[in-house]
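The next block holds one structure in the form of structure tokens; read it before the comments.
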Amino acid sequence: VQLQASGGGAVQTGGSLRLSCAASKSIFSRSTMAWHRQPPGKPLELVAQITSSGTANYADSVKGRFTISRDNRKNTVWLRMDTLEPEDTAVYYCNAERRVTPTLNQWGQGTLVTVSS
């Protein structure tokens, strides 16, 4: 497995979780890392992404609540999720994308986050 996501679970509204995604060095190097999610019955959506140099972007729905970070020495990206809401319930997927040679678009297995009211 080249992208290994972990950290999902069940929390109550207002709670916090931290997702982790460990990658192989060949995947992580020079890749933009992202977290996407798929809520039940809804399409996949981008939650947050961070470039290899550390520039982060967020979906409007999570701005101010979620924080994406990465450690290029550990080949790991995290998604810190605070003030969770039931609408955040979804399967979360880690993604690595690199548009310079060698290009790649790699997905990890999903991890389920369930937020109860």
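General observations
- LEU112 vs. criteria touching a residue at least 40 places away in the same chain (Cβ under 8 Å), hydrophobic (A, V, I, L, M, F, W, C), open to solvent by 10 Å² or more (accessible area, probe 1.4 Å) and in contact with a Phe, Trp or Tyr (Cβ under 9 Å, 6 or more places away or on another chain): yes
- Segment 69-100, residues that are open to solvent by 50 Å² or more (accessible area, probe 1.4 Å) and either charged (D, E, K, R) or touching a helix residue (DSSP H, G or I) at 6+ places or on another chain (Cβ under 9 Å) (or both): ASN72, ARG73, LYS74, ARG80, GLU85, GLU87, GLU97, ARG99
- Candidate set from segment 10-20 (those that are exposed (fewer than 13 other Cβ atoms within 10 Å of the Cβ) and of a type outside the set (Ser, Thr, Tyr)); member that is farthest from ARG65 (Cα to Cα): ALA10
- Number of residues in segment 39-50 that are under 14 Å from the mean Cα position of the chain (by Cα) and either open to solvent by 40 Å² or more (accessible area, probe 1.4 Å) or aromatic (Phe, Trp, Tyr) (or both): the value is 4.
- Answer from VAL62, VAL47 - the residue that is under 21 Å from LEU84 (Cβ atoms), out of contact with any Leu (no Cβ under 8 Å at 6 or more places or on another chain), at pLDDT 95 or above and β-branched (Val, Ile, Thr): VAL62
- A residue that is in contact with a Pro (Cβ under 7 Å, 6 or more places away or on another chain) and not acidic (Asp, Glu) occurs nowhere in segment 93-107.
The values are calculated or read from the model by the stated rules, or taken from the named source; none is laboratory data. Just so it is clear, the model here is predicted, and its values are computed rather than measured. Note: ideal-geometry Cβ built from the backbone for every residue, glycine included; neighbour counts use all protein chains shown. With ligands, DNA and RNA removed, areas are computed over all heavy atoms of the protein, side chains included. Shrake-Rupley method; radii C 1.70, N 1.55, O 1.52, S 1.80 Å.
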